[in-house]
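The values are calculated or read from the model by the stated rules, or taken from the named source; none is laboratory data. As the structure is a prediction and not an experimental result, all values here were calculated from the model. Neighbour counts run over all protein chains shown; Cβ positions are idealised from the backbone, glycine included.
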């Protein structure tokens, strides 16, 4: 089947991929349901704190459309920018992921007359500290990390 003929739901694929990664870290995470939502995942932290995640997923390597983005001064809200890099039909290929706290997303946002985006070029150029930044969530895990192997 040709790529153009394959129906896929990028937003759900991205949300479930992130949810899977969070569970693998031992984080108690829950997917929210709805059509036009700005919170995709809720995370219950160890100190009874709730963390929220807005997942922006792309099948290819483009800018992320973020017309509903809210730049918040909230250290408990995160944007996870995910790109399947044109390989969404290859389940063995992991996507590229950047995890950016909402209070640090503004430098990457570009506003135009008819749309708002997070610039992929800016994220790649200036956002290296956010690439695979799962450390924001690993501290919330309910389990202890495995011991390093001994030699």
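Numbers below:
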quantity: Residue that is surrounded by the most Cβ atoms within 10 Å (Cβ to Cβ), among those in segment 21-34 that are out of contact with any helix residue (DSSP H, G or I) (no Cβ under 7 Å at 6 or more places or on another chain) and modelled with pLDDT of 90 or more; calculated: 21
quantity: Strands (runs of 3 or more DSSP E) completely within segment 90-144 that count 1 or more residues being out of contact with any strand residue (DSSP E or B) (no Cβ under 7 Å at 6 or more places or on another chain); calculated: 109-111
quantity: Where residue 129 falls short, out of the listed (1) surrounded by 12 or more Cβ atoms within 10 Å (Cβ to Cβ); (2) more than 15 Å from residue 54 (Cα to Cα); calculated: (1)
quantity: Among the residues listed as 26, 86, the single one being on the phi > 0 side of the Ramachandran plot, assigned to a loop (DSSP other than H, G, I, E, B) and in contact (Cβ under 8 Å) with a residue 60 or more places away in the chain; calculated: 26
quantity: Filter pass, residue 73 being closer than 21 Å to residue 139 by Cβ and part of a loop (DSSP other than H, G, I, E, B); calculated: yes
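Each row is one residue, and each column tells you yes or no for (1) within 18 Å of residue 109 (Cβ to Cβ); (2) modelled with pLDDT of 95 or more; (3) in contact with a strand residue (DSSP E or B) (Cβ under 7 Å, 6 or more places away or on another chain).
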{"site": "19", "(1), (2), (3)": "no, yes, yes"}
{"site": "36", "(1), (2), (3)": "no, no, no"}
{"site": "46", "(1), (2), (3)": "no, no, no"}
{"site": "50", "(1), (2), (3)": "no, no, yes"}
{"site": "73", "(1), (2), (3)": "yes, no, no"}
{"site": "79", "(1), (2), (3)": "yes, yes, yes"}
{"site": "82", "(1), (2), (3)": "yes, yes, yes"}
